[in-house]
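What follows is a short report on a single structure.
The values are calculated or read from the model by the stated rules, or taken from the named source; none is laboratory data. In this text, all values refer to a predicted model and were calculated from it rather than measured experimentally. Glycine also receives a Cβ, built like all others from the backbone with ideal geometry; neighbour counts cover every protein chain displayed. Quick note on the areas: whole protein, heavy atoms, side chains included, nothing else; ligands and nucleic acids left out. Shrake-Rupley method; radii C 1.70, N 1.55, O 1.52, S 1.80 Å.
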Amino acid sequence: DTTAPEFTSVPADYTSECSDALILDDALASDNCGEVSIEVASETIPGNAEGNYTVVRTFTATDDAGNSSQAQQTINVVDTTAPELVIPEDYTIECSQGLVLEAPQAEDNCGSASIATEVETIPGNAAGNYTVVRTFTATDDAGNSAVATQTINVVDTTAPELVIPDDYTSECSEGLLLEAPQAEDNCGSASIATEVE
């Protein structure tokens, strides 16, 4: 017996997402004169990211006379899925209150993800009325990214605090003492208009 076994079935090459379980089918071989045993050796070749790599499976079919033949299957594992980004909810806040800047979170199907944050402040029609837009970008080591934004509306709905002179009674021959009022606002300046009747 000098004839090596012949493979009758070898699993086809394929590409798989890194989060999917690999399908490791067996190979089949036949021999012209007896039984065949098949051994499988697997080699993992790293790629440019945690979720990108190649699995090479080498099948060796050997008959009882020591004749052997080999076949290979190549499985390309790839990370094409963007991270899942969980961001804080939009909200509205009074301008005199401090902004609550909660941190976003990101989960990746095959590794870790980094998050970059950009903040834009859009002025409104008053010092205490404006919008803060936070843009979050989550990127995994394979370069897949997801983007989401949080909007914070800052409003001024509080009236200024007005401090006016006390009421008093004056003799008609005396000059009136017209002290100036004062006003303080929670988020900016306040103008005072005075009417005399």
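Would a scan of the range 80-100 turn up a residue that is among the acidic types (Asp, Glu), out of contact with any Leu (no Cβ under 9 Å at 6 or more places or on another chain), under 30 Å from Ala190 (Cα atoms) and modelled with pLDDT of 95 or more?
First, pick out the residues of the range 80-100 that are among the acidic types (Asp, Glu): 84, 89-90, 94.
Next, only the ones that are out of contact with any Leu (no Cβ under 9 Å at 6 or more places or on another chain) stay: 84, 89-90, 94.
Then keep just the ones that are under 30 Å from Ala190 (Cα atoms); that gives 90, 94.
So of that shortlist, the ones also modelled with pLDDT of 95 or more come out as 90, 94.
The answer is yes, given that some residue of the range 80-100 is among the acidic types (Asp, Glu), out of contact with any Leu (no Cβ under 9 Å at 6 or more places or on another chain), under 30 Å from Ala190 (Cα atoms) and modelled with pLDDT of 95 or more.
For the residues Ala138, Ala116, Ala146, the requirement of being at pLDDT 95 or above, surrounded by fewer than 16 Cβ atoms within 10 Å (Cβ to Cβ) and closer than 30 Å to Glu50 by Cα singles out Ala116. Filtering the range 170-197 to residues that are part of a loop (DSSP other than H, G, I, E, B), of a type outside the set (D, E, K, R) and either open to solvent by less than 60 Å² (accessible area, probe 1.4 Å) or at positive phi (or both) leaves Ser170, Pro181, Asn186, Cys187, Gly188, Ala190.
If you filter the range 18-32 down to residues that are among the charged types (D, E, K, R) and exposed (fewer than 14 other Cβ atoms within 10 Å of the Cβ), you find that the one that is farthest from Ala142 (Cα to Cα) is Asp26.
With respect to the conditions (1) assigned to a strand (DSSP E or B); (2) open to solvent by 40 Å² or more (accessible area, probe 1.4 Å); (3) free of Cβ contacts under 8 Å to residues at least 60 places away in the same chain, Gly66 lacks only one, and its number is (1).
Taking the criterion of being open to solvent by 70 Å² or more (accessible area, probe 1.4 Å), part of a loop (DSSP other than H, G, I, E, B) and closer than 30 Å to Gly51 by Cα, the residues of the range 88-110 that qualify are Glu102, Ala103.
Thr80 fulfils the conditions (1) in a strand (DSSP E or B); (2) within 26 Å of the chain's Cα centre (by Cα) except for a single criterion, (1). Glu35 satisfies every condition listed in (1) among the charged types (D, E, K, R); (2) open to solvent by less than 30 Å² (accessible area, probe 1.4 Å); (3) over 21 Å from Asn144 (Cβ atoms) except (2).
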